[in-house]
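Colleague: The structure under discussion is supplied below as structure tokens; questions concerning it will follow.
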Amino acid sequence: MHPVITLTTDFGLNDPYVGIMKGVILNIAPDAQLVDLTHQIRPQNILQAALVVKTAHSYFPKGTVHVVVVDPGVGGVRRPIGIKNNGYWFVGPDNGVFTSVIDSQALCYELTAEKYFLKDVSTTFHGRDIFSPVAAWLAQGKTLRAFGHKIADPETLDWPLPKFDGKTISGEVIYVDHFGNLTTNIDAGLLEGVFEHPESLEVQLARKTLKGPVNSYSEAREGSPGVIINSWHALEIFYRENNAAEKLKVKIGTPVRVTQAR
């Protein structure tokens, strides 16, 4: 089986940056299968990148190398890092993008072995000069120990966690997708754990109160908002055949409150 390397960045597709990274990888690991997870992370949005890593990484075969380059601190004091956990490899900046895969089982290494980097490392493009070659060498069978030294203090983010006061779950919008659907930090397990009838709720945001959740987008009236449990097993607010973020004037961080419908 060919080694799999995924790429997640905030580079977009108008510039040659992603293609250059692929060229670097293929020069070292010509048999690698390259998968574009997404290159539409909002610029410098580390939390969004961390959520993509959390939800997507385990759908790939064990041994996959996940490269994430959302790196507002490139060229500064933040460390380049490599991680191994549960059979997966992760390569990118040590700025919190790998929060969801850093636990007691994770092996974390600062990447310092310059012989595995490209020559003349740029201070503005570590995706090309450090992360791509390291990912390629990992795909070729190198171990993390070859690239640097073990660290015990990788950077992690403070996840925005929902709160429950005995009656109301208070959360927030944490992700807006291409369709304008609003993923919240309220997961289905929490709803089932605290509400007697999680299939019948009231969801409040942006001065609107919505009933739900529905079982499919098609159950909402055309041109109307709705609530659903999405593929991330999280509470999502959508607008049937429209953009919920635009229609409701909602953005990441907007508060969401959930109560049991009367």
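Colleague: Enumerate the calculated ³J(HN,Hα) couplings along region 203-211 in order (Karplus 6.51 cos²θ - 1.76 cosθ + 1.60, θ = phi - 60°), each rounded to whole Hz, writing x wherever the residue is Gly or Pro.
Modeller: 10, 10, 7, 6, 6, 10, 10, 10, 9
Colleague: For a quick check: with amide H placed at 1.01 Å from N, whose amide H comes under 5 Å from G63's, ignoring anything fewer than 5 positions away on the same chain?
Modeller: It is Y88, W89, by chain and number.
Colleague: Mind telling me which of V227, V65, V214 comes out most flexible in a GNM of the chain, alpha-carbon contacts under 10 Å?
Modeller: Among V227, V65, V214, the largest mean-square fluctuation in the Gaussian network model of the chain belongs to V214.
Colleague: If you take every DSSP beta bridge whose two residues both sit in region 6-121, what share of them, in percent to the nearest 5, is antiparallel? Walk me through the numbers on the way to the answer.
Modeller: Numbers: 10 of 20 bridges.
In region 6-121, approximately 50 percent of DSSP beta bridges are antiparallel ones.
Colleague: Rounded to whole Å and ordered largest first, report the semi-axes of the equivalent ellipsoid of the chain derived from its Cα gyration tensor (root of 5λ).
Modeller: Working from the Cα gyration tensor, I get semi-axes of 38, 19, 16 Å.
Colleague: Under the rule of at least 5 residues apart or a separate chain, name every residue whose amide H is placed under 5 Å from the amide H of I186.
Modeller: E172, L235
Colleague: Could I ask something else about it? With the crude spin-label approximation of a point 7 Å out along Cα→Cβ, what separation in nm comes out for E246 versus D165?
Modeller: Placing both labels 7 Å beyond Cα along the Cβ direction yields 3.5 nm.
Colleague: In whole Hz and in residue order, list the ³J(HN,Hα) couplings for region 219-231 that follow from phi through the Karplus curve 6.51 cos²θ - 1.76 cosθ + 1.60, θ = phi - 60°; x for Gly and Pro.
Modeller: 6, 6, 5, 4, x, 10, x, x, 10, 8, 8, 8, 5
Colleague: Within the chain, what percent of beta bridges assigned by DSSP are antiparallel, to the nearest 5?
Modeller: Beta bridges within the chain, antiparallel portion: roughly 75 percent.
Colleague: If you don't mind, another one. Which peptide among 90-102, 228-240 comes first, and what is the full order, when sorted by highest mean count of other Cβ atoms within 10 Å? Please list the in-between numbers first.
Modeller: On the way: 90-102: 24.5, 228-240: 20.2.
Output ranking for 90-102, 228-240: 90-102, 228-240.
Colleague: A further question on this structure: I need the trypsin sites (Lys or Arg not before Pro) found in region 93-194, filtered to DSSP loop residues with at most 11 other beta carbons within 10 Å of theirs.
Modeller: Details: sites: K115, K119, R128, K142, R145, K150, K163, K167; in loops: K119, K142, K167.
Hits after loop and neighbour filter: K119, K167.
Colleague: How large is the charge dipole for the chain, taken about the Cα centre, if only the Cβ atoms of Lys, Arg (+1) and Asp, Glu (-1) carry charge, to the nearest 20 debye? Could you put the intermediate results ahead of the total?
Modeller: Working: 25 positive and 27 negative charges, 24 e Å.
Computed about the Cα centre, the dipole is about 120 debye.
Colleague: A follow-up question, please. In nm, to one decimal, how far is the modelled label at R207 from the one at R221, with both set 7 Å along Cα→Cβ?
Modeller: 2.0
Colleague: Let me ask something additional. Taking θ = phi - 60°, what integer Hz values does the Karplus form 6.51 cos²θ - 1.76 cosθ + 1.60 yield along region 101-115, in sequence order, with x for Gly and Pro?
Modeller: Those phi angles translate into 10, 9, 9, 5, 8, 6, 9, 10, 10, 6, 8, 10, 7, 5, 5 Hz.
Colleague: While we're here: Any idea how far the Cα center of region 193-262 sits from the one of region 66-126, in Å?
Modeller: When both Cα centres are located, 36 Å separates them.
We did not get these values from a lab; they are worked out from the coordinates using the rules stated. If you're wondering where the values come from, they're calculated on a predicted model, not measured in any experiment. When we count neighbours, we look across all protein chains shown, and the Cβ atoms used for this are built from the backbone with ideal geometry, even at glycine.
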